[in-house]
Amino acid sequence: MTLITSISGIRGTIGGQVGENLTPVDITKFTSAYGSWLKTQNHPAKTIIVGRDARLSGPWVSNIVCATLQALGFDVIDAGLSTTPTVEMAVVFENAAGGIIITASHNPKQWNALKLLNHKGEFISADDGSAILTMAAEADFDFAKIEANGSYSTKDFTDAHINAILALPLVDVEAIRKADFSVALDAVNSTGGTYIPALLNALGVQQIKELHCEPTGHFPHNPEPLPEHLGDIINEIKNNKVDLGIVVDPDVDRLALVDENGELYGEEYTLVAVADYILSNQKGNTVSNLSSTRALRDVTLKHGGSYAAAAVGEVNVVNKMKETNAIIGGEGNGGIIYPELHYGRDALVGVALILSHMAKSGLSASRLRATYPNYTISKNKIDLPDSLDVDALLNQIAEKYKQQEINRIDGVKIEFDEEWVHLRKSNTEPIIRIYSESKSAQTADVLAKKIIKDIGDLIK
């Protein structure tokens, strides 16, 4: 069982000992620290939005979070069963001081987490996260007297989120309706099972095959939308006429696509396809993280834009997007960030833009995928001795390949013409993650093995 505290929030497994798992005591402590930090920001509002995915522990975790915030003097608007992007947008809709999303994203059912938002509906910065962790460690909280306790109310933001998507100029509802698409959806029995069908109906999609769309929290398979977990929707598409398969994770910020033949796009290509559509209508820049496919850069340059890479992590991608005025960005895990709507990964807007792209191009999902440069990423890791100086090791690798283009903003990324390898140390265990990309799986694997051998030689 595990409790992981980081600058972006608190994540852990349910049950077990205080300080070692996500227990009611830990939930109260970290919620109190977050609320205490918000008070230091001097935001004029005292409202906080709280929402959750459908996982089994969600109701009681939410009760603790909401009650703790009320005890600190905040007015709580409980969005109930919601999505991460919906809560992010609700913070802005309500001009709230912040928000907490109760979700462990793609982690299995025994996990839950508190994702923390600032008044912009964006994930808190590294500095803000560090300040909250310090407050949690000190546990010096000042709760409100009874007369100053906050209020509690509920509100459903589904329609507000969907209406904001429908109002986007590049979401072509009429074209989607005329295309008469048939769509299959796997929502892993979480909140995507209500939000995505509502969006599809609003877009004029009449043929929707729903798989695992009851928000019971009983995940029918591993909730991370990876190929090995998606047999049900692949079989559904192969056995029936379906134009597009849609897969979302429990909190609906990641989007994976399946074409009409039951072939997976690969999560990396969700962002590539959306960016292609955006850039074909509007010239601009793009951003993804260092571990995402080179295909986004290729597509961006084809459309006359500039591409920039950010350190891994949504907050880092958002910061780089603001810095470069990027009009589309995200991460290779199926995370679409479209600033025209908001600065957060959002599977719903991804669905609307993909369907608009298909409808206006007249291309099937498979033909659309075939128009993009085809790369393969190999994901590996190497275990290290506990006593090893990992930063020194990464410096040695960078020195060894100094003749190549090197990026050091997040570990070491080495560019080899149309290939690359990215090395990042883990913050929670003694390992280095090694991602490599090439135009063939075999070459990507060979590149990774070469770097792994280099590391082995250095630590002998």
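Quick note: the coordinates plus some simple rules give every number you see, no bench work behind them. Quantities reported herein were computed from a predicted structural model and do not represent experimental measurements. FYI the Cβ positions are ideal-geometry reconstructions off the backbone, even for glycines, and counts take in every protein chain you see.
For Q207, project a label point 7 Å along Cα to C-beta. Then give me every residue of the range 342-356 with its amide nitrogen under 19 Å of that point. Inside the label zone: 352, 354-356.
Which residues does the label zone of Q41 cover in the range 79-115, counting backbone N under 14 Å from a point 7 Å along Cα→Cβ? Counting backbone N atoms under 14 Å from the label point, the list is 88-101, 115.
Binning the C-alpha pair distances of the range 236-285 at 10 Å intervals from 0 yields a P(r) profile of 24, 42, 29, 5, 0 %, listed from the shortest bin outward. Length gained on full extension, K302 to K450: 50.1 nm, using 0.36 nm per residue less the C-alpha separation. With labels modelled as points extended 7 Å from the Cα through the Cβ direction, what inter-label distance (nm, one decimal) is found for D140 paired with R177? Label-label distance for D140 and R177, simple model: 6.1 nm. For the chain, complete DSSP H runs whose alpha carbons reach 20 Å or more along their own long axis and whose mean Kyte-Doolittle score is -1.0 or higher are 24-40, 268-281, 347-361, 441-458. For the chain, the antiparallel share of DSSP beta bridges with both residues in that region comes to about 60%. Compared with the direct C-alpha span, the chain from D391 to T371 gains 3.2 nm at full extension, assuming 0.36 nm per residue.
Remark: C-alpha extents of the range 270-368 on the principal axes read 35, 27, 23 Å, sorted largest to smallest.
Available extension along the chain between L226 and S440 is 75.1 nm, counting 0.36 nm per residue and deducting the alpha carbon span.
Take every DSSP beta bridge with both residues inside the range 1-146 and express the antiparallel ones as a percent of the total, to the nearest 5.
Details: 14 of 27 bridges.
Bridges in the range 1-146 that DSSP calls antiparallel: roughly 50 percent.
Averaging sequence separations of C-alpha pairs under 8 Å and six or more residues apart, then dividing by the length of the range 41-102, give the relative contact order as a whole percent. Before the final figure, lay out the partial values.
Numbers: 94 pairs, mean separation 32.7, N = 62.
This gives 53 percent for the range 41-102.
For the range 179-231, taking Cα atoms only, Rg and Dmax work out to 11.6, 34 Å respectively. Taken over the range 376-458, lysine pairs spaced eight or more positions apart, or on distinct chains, with alpha carbons under 18 Å apart number 29.
Treat the range 376-458 as a sphere of radius equal to its Kirkwood radius over Cα pairs and apply Stokes-Einstein at 25 °C in a medium of 0.890 mPa s; give the translational diffusion coefficient in µm²/s, rounded to a whole number. Rounded to a whole number, D works out at 192 µm²/s. Once the mean of 1/r is taken over each pair of separate Cα atoms and inverted, the range 1-131 shows a Kirkwood hydrodynamic radius of 14.3 Å. Using the Stokes-Einstein relation with a Kirkwood hydrodynamic radius computed over Cα pairs, the translational diffusion coefficient of the chain at 4 °C and a viscosity of 1.567 mPa s comes to 57 µm²/s.
The mean of 1/r over all distinct Cα pairs in the range 161-369, once inverted, gives the Kirkwood hydrodynamic radius of 16.8 Å. Neighbour counts of C-beta atoms inside 10 Å place V390, V412 in the sequence V390, V412, starting with the fewest. FRET efficiency for the Q17 to D156 pair, using the beta carbon distance and R₀ = 35 Å, is estimated at 0.45. Relative contact order of the range 3-156: 33 percent, from C-alpha pairs under 8 Å at least 6 residues apart in sequence. Computed on the chain, with alpha-carbon pairs under 8 angstrom and 6+ residues apart, the relative contact order is 12 percent.
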